[in-house]
Amino acid sequence: MPFKILLSVLVLSFFSFNKLYTQNTFDIVFPQSNRNQVCQQCTNIFRQKPKEVKFSIEREQSNLYFRINDKKWFNLLFKNSGDGIAIDVVLKTRYDCEETADRTQIKGLLLKPVYGPKLRNMLKPVGDNIYRVHVGRLPDTFLNDELEYNILFLSNKNMCRYQVIYNLESYPWELLDMGMYLDSLTYNTKQIRPSSNEGYILKNKTLKFTIPFEKNKSEYSQEDIKPIYDSLHLTDFNIKSIKIKAYASVEGSLERNVELQEQRAGTIAEALQAFQKPTIKTEISSSENWVEFLNDIEDTKYSHLGGLNKNDIKAKLVGALSKEMEPILKHHRKALLELGLEKKDKYKGMSANELLLKFNDAISKEELDVANEIQNSIFEKLKGKEISPDFLRKMNIPRQVKFAKIFNKNAAFRYMLNVRQALIVYNELQELEKIVPKNGEVKYNITAIKIRLWRFKAIEVNETKLKNQIYGLKHYGIDASLISRMMVNFHIIKAENLMRKRDYSGKDASVSYINKNYNKFSLSDYDYLSLAQFFSYYANTDMAVTLLEEKAKSIAIDEDLLFYYLNLTLINDDLTYQTDYRTIMLNAININKARYCKLFNAVEKGGVTFQLLENEYLKETYCENCEEH
């Protein structure tokens, strides 16, 4: 997308117009009893609006522009001389915590409307299928204020639609990772933040588990951790990284709870380090476990606590009540550990040239097990950027049946390191396939790369043949879940292509297929985020919400997934008043308070919209936690 997606939401409640600010409403008519009749044409045009049509208000200094991506629909909406736009300029000061906002339809300063002939004549292209038209100018006294711009859509000068614009952050989304067969199926585990410059991180293995914290225990020794370590069967692996999320039960001082949990997590990391020489990269975060507390008191005699704010809950959880609730609270003190592992490498001390000589010698002697181990050692040096990817071309691997696995690994790894090698590797593997026509791993790698090449239009693809190729993998031992993942990617690309052709019904069919089939295989956090963004990009926000809603209730949710879910749902009053939603918000506040508070900034400052604070429940939570922000 050439610009950040701005979605709009219709304000369905029409308040009394007796409380309009004492300001100029120009020639705008505010219909009441006859609204359905006078607004029928405008209502029908919005009903017929394709979901993919998006519009927003754009500001340049004091000038405001209406921006849209569909000129045909724009001209239909403003066809008649009385069809127009007026901008309601809203100040954030309206929502100060000590203020009670008047429930008026016009929330700020109403600018002079602009009507059909002028709108159509002044509409100018500003990019690929992007147009804008000037719709107003801000008073000088407003230029330093935090502002937002609501839109009044006028039909025959009647105000027929009042629209609040909210900002749904969008990122370039990726295909779901299909992995590549090396010794086994290996995935590119990508950093979830799209702004990351780290690119791909190849991981051999990741383990996740939970360690409960005893109430009066603040330190953990090697003896405490040894049974856990032994159960992991790490004989062939070293721990490369530890990510620890430590959780405190909610009673007591926040500062003391966080301090204690970080101390506990730190001693766990130290105890694990004692089992190996290589240094373990450690990342520790801590917070109070409000999510599980509020979940666990539901349907109990303590459920009334869920309606209190955090400080009031803490005030209640002292003395006898704290002891009484200990059977519940004890389960909330824990550490969630994620261990990143790497295979032990007996050739690690060798130089690249020594490894190359030893590898080529093993190949010439047909010592395949030795060659395979050395190849893995070379891969480790490549991952650590100790050697250049060009090094792989120096490895002499004959294209013979006996060397097929080693050749396949070499080619696939080059592709995983650099996607720009995709076409070269694709052609190499097709040649290898002629030698081992029944090798499922080679066929899988070829198909996965082909899908990626199709996405970037690097090769011509016959959709029917590619679909048959994907389904045909089941005859070569490829698991059904991997085939389902490929077919979801097939339809992601197909939807993208149909969208470019403006074949909206065909695109919707592919989106529907994706929505019905993504639960047939496991998703990484990055996959969840990519898929949710895909649904949102194609105006299927409800599908994105359904995808993420269960994860949003868990303390183990990735921060970016949680905040993306909040972006999707904060404007839905039916959700925000539910007990579960309060749990989710408190989870977000504990994970990253500043980021949560930023959601209520103006659109121009990266927020969803400060007009969320019209919702008294959201405002109460905001003022309790964010006033200093």
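Bear in mind that the values in this text are calculations on the coordinates, not laboratory data. These numbers come from a predicted model, not from an experiment. As a convention, Cβ positions derive from the backbone with ideal geometry for all residues, glycine included, and neighbour counts pool all protein chains shown.
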**Item:** Computed over the stretch 386-603: relative contact order in percent, which uses C-alpha pairs under 8 Å that are six or more apart
**Value:** 10
**Message:** Helix 222-231 against the longest principal axis of the chain: what's the angle in degrees, Cα atoms only, rounded to the nearest 10?
**Reply:** 80
**Message:** Can you give me the angle between helix 463-472 and the longest principal axis of the chain, using Cα atoms only, in degrees from 0 to 90, rounded to the nearest 10?
**Reply:** 50
**Request:** For each of ILE451, ILE387, count neighbouring Cβ atoms within 10 Å of the residue's Cβ, then give the residues from fewest to most.
**Result:** ILE387, ILE451
**Equivalent-ellipsoid semi-axes of the stretch 6-167, from the Cα gyration tensor, Å, largest first** = 24, 20, 15
**Asked** Order of ASP560, ASP140, ASP102 from fewest to most other C-beta atoms within 10 Å?
**Response** ASP140, ASP102, ASP560
**Prompt:** In degrees between 0 and 90, to the nearest 10, how far off the longest principal axis of the chain does helix 579-591 point, with axes built from Cα atoms?
**Reply:** 60
**Asked** Are there trypsin sites (Lys or Arg not before Pro) in the stretch 360-398 that DSSP puts in a loop and that have at most 13 other Cβ atoms within 10 Å, and which ones?
**Response** LYS365, LYS385
**Prompt:** What is the Cα centroid distance between the stretch 418-462 and the stretch 488-525, reported in whole angstrom?
**Reply:** 22
**Prompt:** Are there trypsin sites (Lys or Arg not before Pro) in the stretch 94-129 that DSSP marks as loop and that have at most 14 other Cβ atoms within 10 Å, and which are they?
**Reply:** ARG103
**Message:** For the chain, give me the percentage of DSSP beta bridges that are antiparallel, rounded to the nearest 5 percent.
**Reply:** 85
**Asked** Per Stokes-Einstein, at 10 °C and 1.306 mPa s, what whole-number D in µm² s⁻¹ belongs to the chain, with the Kirkwood radius over Cα pairs as the hydrodynamic radius?
**Response** 56
**Request:** State the Kirkwood hydrodynamic radius of the stretch 107-167 in Å, one decimal place, computed from all pairs of distinct Cα atoms.
**Result:** 13.7
**Asked** Among HIS134, HIS332, HIS233, what is the fewest-to-most ranking by other Cβ atoms within 10 Å?
**Response** HIS233, HIS134, HIS332
**Prompt:** Taking Cα pairs under 8 Å and at least six residues apart, what relative contact order does the chain come out at, in percent?
**Reply:** 14
**Item:** Cα-Cα over 30 Å, subset of LYS450/LYS605; LYS71/LYS516; LYS383/LYS450; LYS301/LYS520; LYS381/LYS494
**Value:** LYS450/LYS605; LYS71/LYS516; LYS301/LYS520; LYS381/LYS494
**Item:** Projected-area average for the stretch 362-430 over all orientations - Cα convex hull basis, square nanometres
**Value:** 4.4
**Message:** I need the peptides 279-286, 155-162 ranked by packing, meaning the mean over residues of other C-beta atoms within 10 angstrom, with the highest value on top.
**Reply:** 155-162, 279-286
**Fill in**
Semi-axes a, b, c in Å (a largest) for the stretch 386-603, each sqrt of 5 times a Cα gyration tensor eigenvalue, come to 40, 21, 16
**Complete:** Mean shadow area (nm²) of the C-alpha convex hull around the stretch 428-481 is 3.8
**Fill in**
In the stretch 449-494, the trypsin sites (Lys or Arg not before Pro) that sit in a DSSP loop and have at most 11 other Cβ atoms within 10 Å of their own Cβ are LYS457
**Complete:** Reduced to Cα centres, the span from the stretch 62-76 to the stretch 565-629 in Å works out to 30
